[in-house]
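Below is one structure, written out as structure tokens; the observations come after it.
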Amino acid sequence: AAQIALAVYKAELLDASLPQVNQLELLSEVSRQIADSLDEKEILGRTIEALINKLGYAEAAISFLVNDDILEVVAISGTEEFGYSPGYQQKMGEGIIGHVAKTRKHHVSGDVSRDPYYYSTAKRNGSALGVPMLDKDKLLGVIYVETTIQHYFQLDEIQTIQTLANQIAT
């Protein structure tokens, strides 16, 4: 019984550590991609694909500030189709991405169906996270990720996406 309890405990520890391993692998992979390419679009596309492959988000997007009050999706992918594509534009302050751009602070939505900033082309349930990409005090854009699971994002995942935003901004 003691050996079975120990085996179950070790299995639980392994399951609990897998998200952190995936987060570290994501940061390492993106660092390599940035070092391997000078093409901005290629780096951003690979970053979004790494987010989806490593962390399995339903949607991940990077939007850049294209003028004082317009953000444009430059890279997007996901395990589900949300109806947005590169080139989609939104105003500063609109949606979670626009809200993050306006406040320059991350925004976590545990339930997008109840979030006052969330908008979509369809009714959705799940969680969303928006993180600003800043160069000193200058806003460059926003990283946005969404899941189909409510109350998904924990502090370590928020910190991982913020670190990723800092890497991309650099």
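Key figures for this structure:
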item: Subset of the range 38-65 (residues that are under 14 Å from S85 (Cβ atoms) and within 9 Å of the chain's Cα centre (by Cα)); result: I48, E59, A60, A61, I62
item: Looking only at the range 116-146, and only at residues there that are assigned to a loop (DSSP other than H, G, I, E, B) and farther than 15 Å from F82 by Cβ, the one that is least open to solvent (accessible area, probe 1.4 Å); result: Y117
item: Criterion (among the hydroxyl-bearing types (S, T, Y), modelled with pLDDT of 90 or more and touching a Lys or Arg at 6+ places or on another chain (Cβ under 8 Å)) met by exactly one of S127, S63, S113, S109; result: S113
item: Hits in the range 128-162 (condition: of a type in the set (S, T, Y) and more than 11 Å from the chain's Cα centre (by Cα)); result: T148, Y152
item: Qualifying residue in the range 157-164 (condition: of a type in the set (S, T, Y), open to solvent by less than 20 Å² (accessible area, probe 1.4 Å), part of a helix (DSSP H, G or I) and in contact with a helix residue (DSSP H, G or I) (Cβ under 9 Å, 6 or more places away or on another chain)); result: yes
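The values are calculated or read from the model by the stated rules, or taken from the named source; none is laboratory data. Given the structure is predicted, the values throughout are model-derived calculations rather than measurements. No Cβ is skipped: glycine too gets one built from the backbone with ideal geometry, and neighbour counts run over all protein chains shown. Heads up: the accessible areas ignore ligands, DNA and RNA and are worked out on the full protein's heavy atoms, side chains in. Shrake-Rupley method; radii C 1.70, N 1.55, O 1.52, S 1.80 Å.
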